[in-house]
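Peer 1: Could you have a look at this structure, given as structure tokens, before my questions?
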Amino acid sequence: MNDLYNGRIEKKKINQTQIELGNLKSHLAKFPPKDIVWDFEDLNALPPWGDNISSEITDLSNYFLTSEGENLLDVLEKAMNTSIEIDEDLEVMSL
């Protein structure tokens, strides 16, 4: 996942990263939305919207959304699958 954080995963590391992402999703699914850590330096800090979130957000595995409203972890999973299909490195960049 460190490679992902840096914006690029080499194609030879995609399978391992998929496993790590699956583990991350499983662990996050165990926590309710109220357990979000918004600021690791201030564990009492809340997101700007507080607890006013969609009822579709049932745990932390589906808390993080893209600007288009898609589950971020699902988007990453799809990107990894596409990377495997086209046999290319995965690059994440801001548009």
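Laboratory data are not the source of any read-out in this text; all were calculated from the coordinates shown. Here the structure is a predicted model, which is why all the values come from computation and not from measurement. All Cβ positions, even for glycine, are placed from backbone atoms using ideal geometry, and neighbour counts span all protein chains on display.
Peer 1: Of all GluC sites (Glu not before Pro) in the stretch 53-91, which ones are in loop regions per DSSP and have a Cβ with at most 10 other Cβ atoms within 10 Å?
Peer 2: For GluC sites (Glu not before Pro) across the stretch 53-91 that sit outside H, G, I, E and B with at most 10 neighbouring Cβ atoms in 10 Å, the list reads E56, E68.
Peer 1: Which whole-number percent is the relative contact order of the stretch 15-95 (Cα, under 8 Å, 6+ apart)?
Peer 2: 27 percent
Peer 1: Something else about it: Working out 0.36 nm times the residue gap between I19 and W49, then minus their Cα-Cα distance, what length gain in nm do you get to one decimal?
Peer 2: Working it through step by step, the gained length comes to 7.6 nm.
Peer 1: Output the 0 to 90 degree angle, nearest 10, between the alpha-carbon long axis of helix 14-28 and the longest principal axis computed from the alpha carbons of the chain.
Peer 2: It is inclined by approximately 10 degrees.
Peer 1: Please list, ordered by chain and number, the residues whose modelled amide H lies under 5 Å from the amide H of L65; skip anything fewer than 5 residues away on the same chain.
Peer 2: Sorted by chain and number, the residues that satisfy this are L72.
Peer 1: How many lysine pairs does the chain hold where the Cα atoms are under 19 Å apart and the two sit 8 or more places apart or on different chains?
Peer 2: Taking the Cα cut-off of 19 Å, the pair count is 6.
Peer 1: From the phi angles alone, apply the Karplus equation (6.51, -1.76, 1.60; θ = phi - 60°) to the stretch 76-91 and give each ³J(HN,Hα) in whole Hz, x where the residue is Gly or Pro.
Peer 2: Couplings: 5, 4, 5, 4, 5, 4, 5, 4, 5, 4, 9, 6, 10, 4, 9, 10 Hz.
Peer 1: May I pose another question? Taking amide H positions as placed in the peptide plane 1.01 Å from N, state which residues far from R8 in sequence (5 or more) or on other chains have amide H under 5 Å from it.
Peer 2: Amide H neighbours of R8, under 5 Å, 5+ apart: V92.
Peer 1: A further question follows. Quick one: 3J(HN,Hα) in Hz for the stretch 34-42, Karplus 6.51/-1.76/1.60 with θ = phi - 60°, rounded, Gly and Pro as x.
Peer 2: With the stated coefficients, the stretch 34-42 comes to 5, 8, 4, 9, 8, 9, 5, 8, 9 Hz.
Peer 1: With a cut-off of at most 10 other beta carbons within 10 Å, and DSSP calling the residue loop, which chymotrypsin sites (Phe, Trp or Tyr not before Pro) in the stretch 9-74 qualify? Please list them.
Peer 2: Those satisfying the criteria are F40, W49.
Peer 1: So how far apart, in nm, are the two label points at A29 and E68 if each is 7 Å from Cα heading toward Cβ?
Peer 2: 2.4 nm
Peer 1: Follow-up. Hey, with R₀ at 30 Å, roughly what FRET efficiency would V37 and E88 work out to, going by the Cβ-Cβ distance, to 0.05?
Peer 2: Efficiency at R0 = 30 Å is approximately 0.35.
Peer 1: I would also like to ask the following. Going toward the positive end of the dipole of the chain, with +1 on Lys and Arg Cβ and -1 on Asp and Glu Cβ, which of P48, N2, T66 do you reach last?
Peer 2: About the Cα centre, the residue reaching furthest to the positive side is N2.
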